[in-house]
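To start, the structure under review is shown below, and the notes come after it.
The values are calculated or read from the model by the stated rules, or taken from the named source; none is laboratory data. Everything numeric in this text was worked out from a predicted model, so none of it was measured. In this analysis, Cβ positions are derived from the backbone assuming ideal geometry, glycine residues included, and neighbour counts consider all displayed protein chains. Please note that ligands, DNA and RNA were not included when accessible areas were found on the heavy atoms of the full protein model with its side chains. Shrake-Rupley method; radii C 1.70, N 1.55, O 1.52, S 1.80 Å.
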Amino acid sequence: MSKSTRLGLAEQQPQPLADASVWTVIRAEAAEFAAREPILRQLLAAQVTDTANNDEIIARVLAARLSVAQVETGDLFDLILSTLDDDIMRKVEADLIAVRERDPACTTFLHALLNLKGFHALETHRIAHALWIAGRPEIASWLANLVSLVFGPDIHPAARIGASIMLDHGSGIVIGETAVIEDEVSILQNVTLGGTGKETGDRHPKIRHGVMIGAGAKILGNIEIGAFSKIAAGSVVLKSVPTHCTVAGVPATVVRIHRADEIPAETMDQNI
């Protein structure tokens, strides 16, 4: 059974997770962590164990990290919490599972929630995107800029990003305005999903289901990266990529065809 099936994620429109067990595990991990490290007990209580519901957990975690701006943390918390809905929370859970399963350095859901800036940037983008769609482009753009300053990734608030996504490390990632990233995609540090110049309109890449994009890869223009393909580290991709293959080089060319059941975003195999 694929991870998409386990999570209940459809190819284009993911369905909700079957339960909220991720949050139950996070609360238990936080309680155990607080018992081992009393210095963090108050922080963990405020952000995880003493919260009223799951929405409040993610809102408090993001607001605390973004509070370097000259805006009250409470105001940030209220903005984030008011924007969260069932669709965003379903994607947050799927992202937590993706990071926990794909990143060998991530040993608990709590670690992903509290410490991984790629996860923080992605979830804050979901808030910014919701604000953008709601006709609030100014606050959405302000929040996206704050994400770039605090966490590193520069993601336009209009970019459309699916569920079960991992931004590994997060540093240096750039995602343009008309980019589309479907479900179950893994993106490593210093990746650019950009345009090719000053063209307007639909001008950024479309990343299909199950793709892995290696560190430092540049994908430029309104091109499509086919489902379950892999972009090797350091590649420059200027043309659309077929499904189920690996491309590498400058400019990138096809170097391998995959098995039909291979999901590069899950295996995270960096070999060409």
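Considering only residues that are open to solvent by 10 Å² or more (accessible area, probe 1.4 Å) and either touching a helix residue (DSSP H, G or I) at 6+ places or on another chain (Cβ under 7 Å) or in a helix (DSSP H, G or I) (or both), which ones fall in the range 126-145?
Those that are open to solvent by 10 Å² or more (accessible area, probe 1.4 Å) and either touching a helix residue (DSSP H, G or I) at 6+ places or on another chain (Cβ under 7 Å) or in a helix (DSSP H, G or I) (or both): 126, 129, 130, 132, 133, 137, 138, 139, 141, 142, 144, 145.
What about residue 65, is it modelled with pLDDT of 95 or more and within 17 Å of the chain's Cα centre (by Cα)?
no
Consider residue 125 against the criteria (1) within 20 Å of residue 167 (Cα to Cα); (2) over 18 Å from the mean Cα position of the chain (by Cα): it satisfies all of them except one. Which criterion is unmet?
Single failed check for residue 125: (2).
Can you list residue pairs whose Cβ atoms sit under 9 Å apart, with the first residue in the range 241-267 being farther than 20 Å from residue 193 by Cβ and free of Cβ contacts under 8 Å to residues at least 24 places away in the same chain and the second being assigned to a strand (DSSP E or B) and open to solvent by 80 Å² or more (accessible area, probe 1.4 Å)? Count only pairs 6 or more apart in sequence or on different chains.
So the pair list comes out as 244/257.
Kindly indicate which of 93, 123 is part of a helix (DSSP H, G or I), closer than 25 Å to residue 206 by Cα, touching a residue at least 60 places away in the same chain (Cβ under 8 Å) and open to solvent by 10 Å² or more (accessible area, probe 1.4 Å).
Only one candidate qualifies: 93.
Looking only at strands (runs of 3 or more DSSP E) that lie completely in the range 194-272, which have at least 3 residues being open to solvent by less than 40 Å² (accessible area, probe 1.4 Å)?
It comes to 245-248.
To keep it simple, each residue is scored yes or no on (1) modelled with pLDDT of 95 or more; (2) over 16 Å from residue 59 (Cβ atoms); (3) not hydroxyl-bearing (Ser, Thr, Tyr).
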position: 99; (1), (2), (3): yes, yes, yes
position: 112; (1), (2), (3): yes, yes, yes
position: 137; (1), (2), (3): no, yes, yes
position: 186; (1), (2), (3): yes, yes, no
position: 190; (1), (2), (3): yes, yes, yes
